[in-house]
Each structure stands twice: as structure tokens, then as C-alpha cells.
1. For a quick check: sort 28, 72 by the number of other beta carbons within 10 angstrom, fewest at the front.
2. Students often check this: by mean Cβ neighbours within 10 Å, which of 189-199, 135-145 ranks highest, and how do the rest follow?
3. Starting from 0.36 nm per residue, how many nanometres of slack lie between residue 156 and residue 23 once their C-alpha separation is accounted for?
4. Using 18 Å as the cut-off for backbone N distance, which residues of the range 81-104 belong to the label zone defined by a point 7 Å from the Cα of residue 130 along Cα→Cβ?
5. Show me the ranking of peptides 203-212, 225-234, 170-179 by mean Cβ neighbours inside 10 Å, starting with the highest.
6. So how much slack lies between residue 56 and residue 212, counting 0.36 nm per residue of separation and subtracting their Cα-Cα distance, in nm?
7. Kindly put 16, 255 in sequence by how many other C-beta atoms sit within 10 Å of each C-beta, fewest to most.
8. What length, rounded to one decimal in nm, is gained on full extension from residue 149 through to residue 226, with 0.36 nm per residue of separation minus their alpha-carbon distance?
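Please treat every number below as a calculation from the coordinates, not as lab data. Keep in mind that what you see is a predicted model, and the values were worked out from it rather than measured. Neighbour counts are summed over all protein chains in view; Cβ atoms, including those assigned to glycine, are modelled from backbone coordinates with ideal geometry.
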């Protein structure tokens, strides 16, 4: 399983990796107040209602620390992780964490009817393999129940190579888990301009304005985020472009 996030983002003004190093755990969006998807993790919000439905109210009155952490089953064994739409970095969980996880297909935001546990995943995998979803939607959602301890439960934090030699790498090396690197996401503005229909021409224009030397990568978007000058939902859509078209594993899947 992989838990994706953006490693250079801030949580209440503090870099997320510094918080993780201090806590020694990976926290849910209900705890951090941040998300790499929708921003509805609060009582009565969409995420709260989806969890209430799929877990039959189990977490309705639970403290934020007990709520599930979201990730994906990397059934296609991509080096960039199971669901990079939610961030360029990911925690690769140890095999023993499968016993405390549940799964669904498609994403819980879409009202899934198909669920599974580690010992009964063949149906979900067959559904996902037979589907024709876009590469960013091509994942089996995982819910990790209980604490995710970085020392005990994580095999590695896998980072984009654009963070080599940066404060993000320095902070990552303070975590209680090994660091690895995947092949990286890099998108040229020329390629970006070829897909205005994917998320919208306004996000192509934003991406072009942010690019350095005609290129976008996770670090460029993270730097833009920390300035506070850009709408986070707009930056999320620029990231979708980089995640979808900036790595060979993701480009290989055709657009439905």
C-alpha cells in the first residue's frame, strides 16, 4: 500500500515532514486539516459522510486520531506509487499493515459498492484491471485503520528526485524510516499546452506562468503553494497535469 502526500507543504505554518518527524506517525486529514484531494474532512462534510456510509457510522463520534488514513493498493506496481494524483511522495507500508486495512473500488467519493480486505482482494483487482479509467483515477482505495507508526509500519518514504539536496530531503532524513527515490515527474510547457481539455485552459496558463526553464515538477508547485499567492485548488489541478503527463508510467495509459 502507498500513502501519498506532497512532502513540501505546510500544516499550520510548519513543514509537514517536520511534524511527521516530531510525531513519528502519519496523520489523517481530520487531524491535519489538510488534504491532497477534497477539503471536506470535518463533521458533516463530504468526507465525514462518505466515511459514515462505508463504515456504517463506526467513526461518527470517534476522535480524529482514530479515523482511517487513506492510501491505495499499488496493484499495478508503479514506481511512482498507487495514486500519485494525491502527491508526488508516498509512504510504502510494510506488508503487515494489510491486516488492518480495508479497500474499495472506485474511490469512496464515488459511492462504491465493492469492498474488500487483504484476504479477499481478487474481485476489486479484477474490476480495476478491467476498467478504462484515466490514469489518475486508476487506483484501488485503501483505508488504514489504527496508528501508522513510521518506524514500525513504513518500509520507506519514496520521494521525487527534484527534492535531492533540498530542505525537503534534509527533513525527510529525520524520519524514522528509510528514504528512497522514484523516477520523478517532469512536465514541459510544450506538453502541458497539448492538453487544455484535461483540467482546463486556465490551469494550463497557470502552469506555464509557474514553470522554470519551461518545465514543471513537484518542487515548483510546492514553492508556489508556500507563497500563499495561489488558490490551492488551482495548484492541485496543475499538479494533476504534472502527475498525469510528467512520468512515463502515467503517460502510457491513454485518456478515456
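1. Numbers: 28 19, 72 25.
Final ranking by Cβ density, sparse to dense: 28, 72.
2. Working: 189-199: 15.4, 135-145: 21.6.
Top to bottom by mean Cβ count within 10 Å: 135-145, 189-199.
3. Working: separation 133, 0.36 × 133 = 47.88 nm, distance 1.66 nm.
Extra length from residue 156 to residue 23 when fully extended: 46.2 nm.
4. Flagged as within label range: 104.
5. Numbers: 203-212: 17.3, 225-234: 11.8, 170-179: 15.5.
For the peptides 203-212, 225-234, 170-179, the packing ranking is 203-212, 170-179, 225-234.
6. Values: separation 156, 0.36 × 156 = 56.16 nm, distance 4.75 nm.
Fully extending the segment from residue 56 to residue 212 adds 51.4 nm.
7. Working: 16 21, 255 11.
So the residues, fewest neighbours to most, are 255, 16.
8. Details: separation 77, 0.36 × 77 = 27.72 nm, distance 2.71 nm.
Taking residue 149 through residue 226 to full extension adds about 25.0 nm, to one decimal.
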